[in-house]
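For reference, the structure discussed in these notes is given below.
The values are calculated or read from the model by the stated rules, or taken from the named source; none is laboratory data. Since this is a predicted model, take the numbers as computed values, not measurements. Here the Cβ is made from the backbone with ideal geometry for all residues, glycine too, and neighbour counts use every protein chain on show.
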Amino acid sequence: MSARDAQDDLAWLAGELSAIRRELLPPGESRALYLALDQGGTSSRAVLFDALGREVATAHVPINTRRTGDERVEHDATELLQSLRTAAHDVAESPLAAGRPIVAAGLATQRSTICCWDRNDGTPLSPALSWQDRRNASWLDEHLGARSGWVRELTGLPLSPHYGASKMRWCLDELPAVRLALRDERLCIGPLASFLAQGLCAADAACVDPANASRTLLFDPAVLDWSPPLLEAFGIPAAILPRCVGTLHDFGTVPVDAARRVPLLACSGDQSAAVFAFGPPSTTTAYVNAGTGAFVQRVLRDGKGPAPRGLLKSVLYARTDDAMGALYCHEGTINGAYGALEWLGKRVGVDVKRTLKTLSASLAGGDVPLLFMNGIGGLGAPYWLPDFPSEFLAAAGGPTTIVADATELQQIGAVVESIAFLIAVNVLAMHRATPLQRLTITGGLAVCDYLCEVLAEATQMTVERPAALEATARGIAYLAAGQPQDWQPVPIEKSFAPTGAHPVLGRFDEWRAAMAARTGAA
């Protein structure tokens, strides 16, 4: 049998299975599908869910990332847009989706990533500057360093080059095409989500949802609109920014093939969408999503009051016609999650991803005599030090000796523990403010049992890992579907309960002492 014949047979079998599945749908069950578009740091994904929240089909398209030194991280904006179009087309052509209507779509993107484009024809005028990009840190410190408290009071965020405003300022100062478009009154600049939504829908005007807008340092979450004082401080004209709308909005229609267009009804940030993956979020749960970076979010009951020291106050969801009904959360940001493991993989030359799956068994005895001071990508919450040095320290006898000859396994274990420790200090800050009852972990790093075990010990909470780890796509699909009450719950695949006697507890104490000594944190 030729390869072509085998492919034809597989295609026929997939079609037959799809037909059988459709015949077996319970009477009265909706055949409607919902399209989730998830633009991430390594790929663009399109996922179809049914009316009960069950995944039907998925497609993904890898993307490239350009890195220059430690400060510049960017993507080709045209490539990102095309990758989403390709993923949407591929998933719509899936045999499992054949004959079923796709009734709504949602888009989730990396928050804090920004782009400049021509508002008339959608042509990109800059790269997509990643949330990891810190190229304008010195400008930010020089021009607004003395007003960091004022910025935080207005936005709920620290003054950081990770957020969009300083990147926008760099584009206006450094890119001739951007300055020319500004002069000709055709410049649009804003979160990546706005560029992608306008491009996917071929819309006449750009709009921005509150979760992505709030990550620019130009947005006032109290009124859900751009802040004139912040725009003046950064020198950003209001006329070049997208119009602020709600999380749910008629953004236009996305073509998925030659004959079908799907209304784009929801837009949000990747982490903001992830909280909705399992239905209405609970105020007593800490939601951890661990990918390139790791994020801890805790939904607020009434949205009032400042965040615990060093944590953020973020907008999860809002309608522009009801600022009082907006949903807020406290959030902790860890920049060096899988990004730290990628850094280590280059350093030690091993397949870190494969090692993660067996790490728990390898370290069952707790033999990790190292601490890792994890400043990869800049030290995030609750410390906020963009230039924090990353280094290994000896754990036994106190973290005073820099270790240069540790084994590869010891280094991997120490980096994984550092990720868990950074997550834990944010969870514990939330717990001290208002007690938490459980912790749920999703994202690519959640597959690592050892990370979950260490997190359970460090927080002294049971860590629950759902069977579905890709939370962003499921969350934005839930929002696009209108937050249906019959969205099926996802079962817990594994729970990790603290023992209270693991050797990692001693290392967690030493690690916190070492961090306090290096950061000045209490």
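With respect to ASP90, is the statement that it is in contact with a Lys or Arg (Cβ under 9 Å, 6 or more places away or on another chain) and either under 30 Å from PRO389 (Cβ atoms) or charged (D, E, K, R) (or both) true?
Numbers: in contact with a Lys or Arg (Cβ under 9 Å, 6 or more places away or on another chain): no; either under 30 Å from PRO389 (Cβ atoms) or charged (D, E, K, R) (or both): yes.
Spelling it out, it is not the case that ASP90 is in contact with a Lys or Arg (Cβ under 9 Å, 6 or more places away or on another chain) and either under 30 Å from PRO389 (Cβ atoms) or charged (D, E, K, R) (or both).
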Subset tally (residues that are in contact with a Pro (Cβ under 9 Å, 6 or more places away or on another chain) and among the hydroxyl-bearing types (Ser, Thr, Tyr)) for the stretch 271-295: 3
Residue list for the stretch 145-161, restricted to those being among the hydrophobic types (A, V, I, L, M, F, W, C) and either outside any helix (DSSP H, G or I) or under 27 Å from the mean Cα position of the chain (by Cα) (or both): TRP150, VAL151, LEU154, LEU157, LEU159
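Identify, from the list PRO306, PRO281, the residue that is farther than 16 Å from ARG438 by Cα and modelled with pLDDT under 95. Spell out the reasoning first.
On the way: PRO281 fails: farther than 16 Å from ARG438 by Cα.
Only one candidate passes the filter, namely PRO306.
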Filter pass, GLY475 being assigned by TED's automatic domain parsing to the domain that holds SER418 and not hydrophobic (A, V, I, L, M, F, W, C): no
Residue within the stretch 287-296 that is out of contact with any helix residue (DSSP H, G or I) (no Cβ under 9 Å at 6 or more places or on another chain) and either closer than 24 Å to LEU428 by Cβ or crowded, with 22+ Cβ neighbours inside 10 Å (or both) present: no
Subset of the stretch 178-197 that is touching a residue at least 60 places away in the same chain (Cβ under 8 Å) and farther than 18 Å from GLY40 by Cα - its residue that is surrounded by the fewest Cβ atoms within 10 Å (Cβ to Cβ): ARG186
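Yes/no matrix, rows are residues, columns are (1) out of contact with any helix residue (DSSP H, G or I) (no Cβ under 8 Å at 6 or more places or on another chain); (2) outside the structural domain of PRO124 (by TED's automatic domain parsing); (3) not aliphatic (A, V, I, L, M):
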| residue | (1), (2), (3) |
| --- | --- |
| PRO161 | no, no, yes |
| GLY190 | no, no, yes |
| ALA202 | yes, no, no |
| VAL208 | no, no, no |
Test: residue in the stretch 241-256 that is crowded, with 20+ Cβ neighbours inside 10 Å and under 22 Å from LEU422 (Cβ atoms): no
Evaluation of ALA77 against (1) at pLDDT 95 or above; (2) surrounded by fewer than 19 Cβ atoms within 10 Å (Cβ to Cβ) (one fails), failing number: (2)
Matching residues, the stretch 81-127, being within 12 Å of LEU35 (Cβ to Cβ) and in a loop (DSSP other than H, G, I, E, B): SER94, ARG100, PRO101
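With the condition being within 17 Å of TYR287 (Cα to Cα), at pLDDT 95 or above and among the basic types (Lys, Arg), I'd like the helices (runs of 4 or more DSSP H) fully within the stretch 428-522 carrying at least 1 qualifying residues. Walk me through how you get there before you give the answer.
Details: elements: 449-459, 471-480, 504-519.
So the answer is 471-480.
Using the structure shown, decide if VAL368 is assigned to a helix (DSSP H, G or I) and either surrounded by 15 or more Cβ atoms within 10 Å (Cβ to Cβ) or at pLDDT 95 or above (or both).
Numbers: assigned to a helix (DSSP H, G or I): no; either surrounded by 15 or more Cβ atoms within 10 Å (Cβ to Cβ) or at pLDDT 95 or above (or both): yes.
In short, no.
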Residue list for the stretch 271-302, filter: in contact (Cβ under 8 Å) with a residue 40 or more places away in the chain and touching an Asp or Glu at 6+ places or on another chain (Cβ under 7 Å): VAL296
Residues of the stretch 145-196 classified as within 13 Å of ILE240 (Cα to Cα) and of a type in the set (D, E, K, R), total: 6
Criterion violated by LEU409 - all others in (1) of a type outside the set (S, T, N, Q); (2) part of a loop (DSSP other than H, G, I, E, B); (3) at pLDDT below 90 satisfied: (2)
One residue from CYS207, CYS201, CYS171 being buried (at least 21 other Cβ atoms within 10 Å of the Cβ) and in contact with a Pro (Cβ under 8 Å, 6 or more places away or on another chain): CYS207
Of all residues in the stretch 324-357 being under 21 Å from VAL208 (Cβ atoms) and surrounded by fewer than 16 Cβ atoms within 10 Å (Cβ to Cβ), the one that is modelled with the highest pLDDT: GLY325
Selection within the stretch 31-80 - part of a loop (DSSP other than H, G, I, E, B), small (Gly, Ala, Ser) and over 20 Å from GLY279 (Cα atoms): GLY40, GLY41, GLY69
Any chance THR155 is among the hydroxyl-bearing types (Ser, Thr, Tyr), over 26 Å from GLY339 (Cα atoms) and surrounded by fewer than 19 Cβ atoms within 10 Å (Cβ to Cβ): no
